[in-house]
Amino acid sequence: MNRPANSSIHHPGTELYEMGLDEIVNDLAVPEPEPEPELAGPRPGVLKRLHRRFSVLGMIGLVMVVFWLTIAVIGPWIAPYKSGALSSVDVFAGSSRAFLLGTDYLGRDMLSRILYGTRYTVGLALAAALLASLIGTFFGLVAAVSGRWVDEILSRLFDALISIPSKVLALVVIAAFGSSIPMLMGVAALAYIPGAFRISRSLAVNVMTLEYVQVARARGEKLFYIARVEVLPNMIHPMLADFGLRFVFIVLLLSGLSFLGLGVQPPNADWGSLVRENIGGLAEGAPAVMMPAIAIATLTVGVNLLIDNLRRRGGRGQGAAQ
């Protein structure tokens with residue numbers, strides 16, 4: 001049976017021969033490059049992200065905290081005078097062009113003294129708060145994910161420590177072993193480890209009851225994996241807020257010890273020592289008394305504003321996740 005001549009029978013691989021010349025040229029033509037998108041300036045993006053993450057009060061707190069952290073690093077290099085230099089014969093002098101914050105009870109420049117003292121106040125408190133939060137969080141996780149006996153032993157131990165007031169504990173330890181930078185950092189951390197333990201343990205116990213943790217246990221995951229992957233990431237925001245709170249408490253504790261003469265020892269001085277040294281100028285309204293106190297107030301208020309912003313943001317994130 002003869003087939004019509006115009007019958008179209010398609011064979012695989014023959015489509016190219018059926019295409020016209022114009023179609024082949026169009027397919028082989030190099031496409032024109034698309035115009036590159038215009039890059040937005042980084043400044044609006046940064047401002048928008050900051051506005052999204054921080055409230056107005058949170059931004060104020062962030063500025064205060066960043067300011068004092070920066071001063072703690074570069075303070076000695078930007079101070080106009082050496083920390084112990086007798087730069088004037090006038091004691092408790094007021095603010096002037098030569099001495100912006102006046103002079104202390106020996107005629108030393110108060111601006112330089114505060115800039116040098118920032119390193120001790122902020123540095124000691126930051127190191128002690130970090131140590132207390134890390135140790136407390138570690139043992140809180142261990143108590144939450146381990147068995148009953150481990151939880152009971154750790155809880156009773158830290159309950160005994162937290163029953164001792166922090167200032168009493170610090171006074172006893174420093175009176176027995178003397179005052180030094182490592183001793184102040186260690187006793188401040190020891191005083192606030194129990195509080196960090198209780199917060200982290202309560203958070204971890206609540207997270208351990210959630211379904212995804214039970215699923216991880218049913219899969220046969222080890223306790224270390226559950227604590228590191230399932231529990232710890234869900235405690236970050238509350239523990240950051242608690243870290244800021246510990247930092248404020250330790251700043252006040254160390255400043256109180258220095259005011260009593262048991263903190264940072266001469267010739268070094270932190271802000272609490274500066275208040276104690278210049279308390280004689282209080283009746284005269286000397287800036288040497290007020291400025292260290294204002295520095296302590298701005299640091300603690302700034303940290304409180306910042307951690308309050310973190311706490312609220314963490315609460316919104318957890319609510320959205322639920």
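Since every read-out is calculated from the coordinates, none of them should be taken as a lab result. From a predicted model like this one, the values you see are computed outputs, not experimental measurements. Using ideal geometry, Cβ is built from the backbone for each residue, glycine included, and neighbour counts are taken over all protein chains shown.
Couple of notes before you dig in:
- Packing here is the average count of other Cβ atoms within 10 Å per residue, and on that basis the peptides 180-189, 222-231, highest first, run 180-189, 222-231.
- Scalar couplings 3J(HN,Hα) for the stretch 243-254, obtained by applying the Karplus form with A = 6.51, B = -1.76, C = 1.60 to θ = phi - 60°, are 4, x, 5, 4, 4, 5, 4, 6, 4, 5, 5, 5 Hz; x denotes Gly and Pro.
- Distant alpha-carbon pairs in the stretch 150-220 (separation over 20 angstrom), percent: 48
- Near I250: Cβ cut-off under 13 Å, other residues only, Lys/Arg at +1 and Asp/Glu at -1. The net charge is 0.
- Protection proxy ranking for 266-272, 286-292, 251-257, 156-162, using the average of other Cβ atoms within 10 Å per residue and placing the highest first: 286-292, 251-257, 266-272, 156-162.
- Neighbourhood net charge (12 Å Cβ-Cβ; Lys/Arg +1, Asp/Glu -1) for L106: -2
- Per-peptide average of other Cβ atoms within 10 Å, ordering 239-248, 75-84 highest first: 239-248, 75-84
- Size estimate for the stretch 94-238 follows the Kirkwood approach: the inverse of mean 1/r over distinct Cα pairs works out to 18.1 Å.
- Sites V205 and W77 - FRET efficiency at Förster radius 45 Å, r taken between beta-carbons, to 0.05: 0.45
- Cα centroid separation - the stretch 258-305 against the stretch 101-147, whole Å: 15
- Distances between placed amide hydrogens fall under 5 Å for D270 paired with V264, all partners being 5 or more residues away or on another chain.
- Long-range HN-HN contacts of R108 with modeled amide H, under 5 Å: S87
- Here S96 and I294 are evaluated by their C-beta separation; at R0 = 22 Å the FRET efficiency comes out at 0.75.
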